[in-house]
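Trainee: So that we are looking at the same thing, I have put the structure below in structure tokens.
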Amino acid sequence: MDWRLLDEQYIVSTYKRLPIAIAKGEGNYLYDTHGKRYLDLFTGLAVNALGHSHPSILRALREQGESFLHISNVFLNPPAIRLAQRLIEQTIPGKVFFTNSGAEATEAAIKLIHKWTAAEGAGRAGIVVLKNSFHGRTLGALRLTRQPHVYQDFPQPAFPVYELDAGDLEELRKVCEEQRPAAVLLEPVLGSGGVVPLPALYLQGIGEVCQRTGTLFAIDEIQTGMGRTGKLFAYQHAGVRPDLILFAKAVGGGLPLGGVIAGERVQDLFKPGDHGTTFAPSPLSAALGNAVLDELLDPVFQTRLQDVIDYLWERLGQLVSRYPKLLQPLRGKGMMIGIPLHASAEEASRLQQNLLDKGILVDVTQKTIVRLLPPLTLARQDVDRFIEAMGREIEKLAAAKEE
Ligand SMILES: *Cc1c(COP(=O)(O)O)cnc(C)c1O
């Protein structure tokens, strides 16, 4: 079966795909239809936090699958209620609104922020976001995604958007004082914008500005959440207190699920009829989300995770210092890592392909940044395997550049 040909014939080509058809996933590895094995350092874009076929996920899948799959929002939904309670207990006092995806979480946040301006934020309008941000691709979310090749010339909803440089606290203070926006929304580590972590001091500064000016502080944890950076949510490294937390990706244990944690200032603004969706929260996704939390909240898991994060950064750091002409300083936090190459887009893409031939899957973002989003279950041997292969590729690149 030529899956590549059939894909081209029948599926709209909004993604440039690797010509590999997947047959199976197991632990930190994927297998293609020819039985070739790949170390998965991409995890379906930070979705499969526990790798593939994790026993806790499989158990939840079977138990919930045998009970019920979908009930709609007319009934009480125990798996979702339990997940919401646990998310609140681990973050801020408030309530959860569930969605099916990240973009829908952003859409819900936009509507909630709008409700807030009508209720309490009189005279305020608009949302402050950062240059190169990514908050989703539906039209409302796209307005907040500040990457020109993503937003292009698609239609734009009319609400004001203030696009600021990451790190410029002075400008943010000025905008919050003079323009009176309703909210600031940011990713604690810009993901597709180049794996750029925001300094804790900057985040704390934003928290203070928001508090002083009464502006809502919203954090997009869609990619950084669920343990990705070493804490359950990345904002927790900085000790700030957001009003809204957007989540998705890993929260459904591999199935679609997202949402907004709405803090006390906004938790009761949506009334019946104000917003909704048929599918979310999927009881099955929520059951899997609870299984993910069971693991992430286990102190033994957390110790192991921190250990492998330290080891990965140590080994990568050694690699960078060995090849300073080819590798720029590492970026990111925890299991969200960017390795910027001093190379052309073509060389970066060839490096990705060569790693793939050796059985290692990495992503490349912003053309020349090798992006790692490994499973949180990564083992030290997996790190060794990657570092060895990456080292050989960098060596080859160095040799090619010498010629
Ligand atoms: C992936 C992502 C989104 C969009 O989520 P989808 O489920 O793809 O709609 C929004 N924000 C961030 C930070 C993301 O990484």
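The values are calculated or read from the model by the stated rules, or taken from the named source; none is laboratory data. In this text the structure is predicted, and so the values were computed from the model without any measurement. Positions of Cβ are generated from backbone atoms using ideal geometry, with glycine treated the same way; all protein chains shown enter the neighbour counts. The protein model used for the area step is the full one, side chains on, heavy atoms only, and it has no ligands, DNA or RNA in it. Shrake-Rupley method; radii C 1.70, N 1.55, O 1.52, S 1.80 Å.
Trainee: Can you find even one residue in the range 338-349 that is part of a loop (DSSP other than H, G, I, E, B) and within 21 Å of ASP32 (Cβ to Cβ)?
Mentor: No, there is no match, as no residue in the range 338-349 is part of a loop (DSSP other than H, G, I, E, B) and within 21 Å of ASP32 (Cβ to Cβ).
Trainee: Do we find that VAL196 is open to solvent by 30 Å² or more (accessible area, probe 1.4 Å), within 16 Å of the ligand (Cβ to nearest atom), in contact (Cβ under 8 Å) with a residue 40 or more places away in the chain and assigned by TED's automatic domain parsing to the domain that holds GLY259 in this structure?
Mentor: Yes: the conditions hold for VAL196.
Trainee: Only one of GLU314, GLU295, GLU395 is touching a Ser or Thr at 6+ places or on another chain (Cβ under 7 Å), over 21 Å from LEU198 (Cβ atoms) and not hydroxyl-bearing (Ser, Thr, Tyr). Can you tell me which?
Mentor: Testing whether each residue is touching a Ser or Thr at 6+ places or on another chain (Cβ under 7 Å), over 21 Å from LEU198 (Cβ atoms) and not hydroxyl-bearing (Ser, Thr, Tyr) leaves just GLU295.
Trainee: Still on this structure: Would you check which residues across the range 139-162 are open to solvent by 60 Å² or more (accessible area, probe 1.4 Å) and either within 16 Å of the ligand (Cβ to nearest atom) or of a type in the set (Lys, Arg) (or both) and list them?
Mentor: Selection gives LEU139, HIS149, PHE154.
Trainee: Just give me the residues in the range 218-231 being within 16 Å of the ligand (Cβ to nearest atom) and not β-branched (Val, Ile, Thr), in sequence order.
Mentor: Result: ALA218, ASP220, GLU221, GLN223, GLY225, MET226, GLY227, ARG228.
Trainee: Taking the options LEU186, LEU190, LEU216, name whichever one is open to solvent by less than 30 Å² (accessible area, probe 1.4 Å) and more than 24 Å from GLN366 (Cα to Cα).
Mentor: Only one candidate passes the filter, namely LEU216.
Trainee: Taking the condition within 16 Å of the ligand (Cβ to nearest atom), open to solvent by 10 Å² or more (accessible area, probe 1.4 Å) and at pLDDT 95 or above, does GLU171 pass?
Mentor: For GLU171, the condition - within 16 Å of the ligand (Cβ to nearest atom), open to solvent by 10 Å² or more (accessible area, probe 1.4 Å) and at pLDDT 95 or above - is not met.
Trainee: Can I ask one more? Is it the case that THR99 is closer than 23 Å to THR377 by Cα and polar (S, T, N, Q)?
Mentor: no
Trainee: Mind listing whichever residues of the range 243-275 are part of a loop (DSSP other than H, G, I, E, B) and either within 14 Å of the ligand (Cβ to nearest atom) or aliphatic (A, V, I, L, M) (or both)?
Mentor: The answer is ALA248, GLY254, PRO256, LEU257, VAL266, LEU269.
Trainee: Kindly evaluate LEU50 against the criterion of being under 20 Å from the mean Cα position of the chain (by Cα) and either assigned by TED's automatic domain parsing to the domain that holds ARG385 or among the acidic types (Asp, Glu) (or both).
Mentor: So LEU50 fits the description; yes.
Trainee: What pairs come out if I take residues in the range 210-229 that are under 22 Å from GLN90 (Cα atoms) and among the charged types (D, E, K, R) and pair them with residues that are near the ligand (Cβ under 9 Å from one of its atoms) and in a strand (DSSP E or B) whose C-beta lies under 8 Å away, six or more apart or interchain?
Mentor: Close Cβ pairs (under 8 Å, with a partner that is near the ligand (Cβ under 9 Å from one of its atoms) and in a strand (DSSP E or B)) amount to ASP220/LEU246; GLU221/LEU246.
Trainee: Right, here's the next one. I want to confirm something. Restricting to the range 219-242 and keeping residues that are polar (S, T, N, Q) and part of a loop (DSSP other than H, G, I, E, B), which single residue is most open to solvent (accessible area, probe 1.4 Å)?
Mentor: Filtering first and then ranking leaves GLN223.
Trainee: Give me a count of the residues in the range 276-303 that are touching an Asp or Glu at 6+ places or on another chain (Cβ under 9 Å) and assigned to a helix (DSSP H, G or I).
Mentor: So the count comes out to 2.
Trainee: Scan the range 243-271 for residues that are open to solvent by less than 50 Å² (accessible area, probe 1.4 Å) and among the acidic types (Asp, Glu) and jot them down.
Mentor: ASP243 - this is the single residue of the range 243-271 that is open to solvent by less than 50 Å² (accessible area, probe 1.4 Å) and among the acidic types (Asp, Glu).
Trainee: Would you mind finding the one in GLY136, GLY123 that is open to solvent by 30 Å² or more (accessible area, probe 1.4 Å) and in a loop (DSSP other than H, G, I, E, B)?
Mentor: Answer to the selection: GLY123.
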